[in-house]
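FYI, it's all coordinate maths here, none of it is from the lab. Values in this document were obtained by computation on a predicted structure and should not be read as measured data. Don't worry about glycine lacking a Cβ; one is built from the backbone with ideal geometry, like all the others, and counts go over all protein chains shown.
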Ligand SMILES: CC(C)(COP(=O)(O)OP(=O)(O)OC[C@H]1O[C@@H](n2cnc3c(N)ncnc32)[C@H](O)[C@@H]1OP(=O)(O)O)[C@@H](O)C(=O)NCCC(=O)NCCS
């Protein structure tokens, strides 16, 4: 658990945190409306399962929801994405997203040490955070080619993101988002950005049964 002197804890969620799922979904939907962007469809069950599998990061101030993101693996765990990042408006601008991503990154590195970590984003804040973690901008051809991942953007017939027509028109080569990739081979021996509690480290190292 990462705790600063603002009283917000950032930690790897578990099944007992399912009570926050509806608030998380609500906050993601509201933020997408404000940004005028589309949104990958996530259900209550999907996020609850991420918590049960210990693939979600939650930030709380006491019992109050502050932020969230979750982890997904693709192509037989060769690629790992940290997705669905959200910080409640009230808590923005204080490096909470940075803290959440640092925990998600550390957990991902411990759990899938050989995987390439990647993300698609149009957010300046996220580009900055990813860059600090060692991600680099790359063409889409270097990201996972797993169709399931790209389904999250939607299709012109079944749109999730407002720009999915661009993605379809370019045959998935280009779009409005920037693809970012962290290649572990370029960072051998580097320290992880945060320390996680011992039980989480143990879980991450022996998590095959949760994968
Ligand atoms: C994007 C989001 C998660 C950022 O949360 P946050 O806690 O305010 O972000 P941080 O405070 O950790 O900011 C990280 C860095 O980005 C900078 N930043 C913050 N907002 C920014 C913006 N709109 N444009 C450019 N840079 C920005 C910060 O100054 C900080 O840089 P620094 O380390 O040099 O000081 C939050 O605004 C959000 O939930 N937005 C809606 C959902 C969303 O866009 N999710 C991302 C989908 S890819």
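Using a Gaussian network model of the chain in which every pair of alpha carbons under 10 angstrom is joined by a spring, one finds that among 158, 130, 82 the greatest mean-square fluctuation is at 158. Counted by neighbouring Cβ atoms within 10 Å, the residues 26, 146 run from fewest to most as 26, 146.
With the Cα gyration tensor of the stretch 96-147 giving a ≥ b ≥ c as the square roots of its eigenvalues, does the rule (a/c under 1.5 for rounded; else a/b larger than b/c for prolate; else oblate) give rounded, prolate or oblate? Since a/c reaches 1.5 but b/c is at least a/b, the shape of the stretch 96-147 is classed as oblate.
Which percent, to the nearest 5, of DSSP beta bridges fully inside the chain are antiparallel?
On the way: 29 of 32 bridges.
Antiparallel bridges: around 90 percent, rounded to the nearest 5.
With the Cα gyration tensor of the stretch 50-143 giving a ≥ b ≥ c as the square roots of its eigenvalues, does the rule (a/c under 1.5 for rounded; else a/b larger than b/c for prolate; else oblate) give rounded, prolate or oblate? Because a/c hits 1.5 or more and a/b fails to exceed b/c, the stretch 50-143 counts as oblate.
Would you give the gap between the C-alpha center of the stretch 146-201 and the C-alpha center of the stretch 88-135, rounded to a whole Å? Rounded to whole Å, the Cα centres lie 12 Å apart.
Here the Kirkwood formula, the inverse mean of 1/r across different C-alpha pairs, assigns the chain a hydrodynamic radius of 17.5 Å.
Counting only Cα atoms, the size of the stretch 15-59 along its three principal axes is 32, 17, 14 Å, in decreasing order.
Volume of the convex hull of the stretch 129-186 (Cα atoms only), normalised per residue: 91 Å³. Select from 141, 108, 14 the residue whose mean-square fluctuation is largest in a Gaussian network model of the chain (Cα-Cα springs shorter than 10 Å). The residue that fluctuates most here is 141.
Estimated from the Cβ-Cβ distance and a Förster radius of 30 angstrom, the FRET efficiency linking residue 206 and residue 26 is about 0.30. Computed extension gain for residue 18 through residue 198, at 0.36 nm per residue and net of the alpha carbon distance, reaches 62.5 nm. What is the stretch 104-211 by shape, rounded, prolate or oblate, if you read a ≥ b ≥ c off the alpha carbon gyration tensor as root eigenvalues and call it rounded for a/c under 1.5, prolate for a/b larger than b/c, and oblate otherwise? The shape class here is prolate. Residues considered: 19, 151, 55. Largest GNM mean-square fluctuation over the chain, using C-alpha springs under 10 Å, is found at 19.
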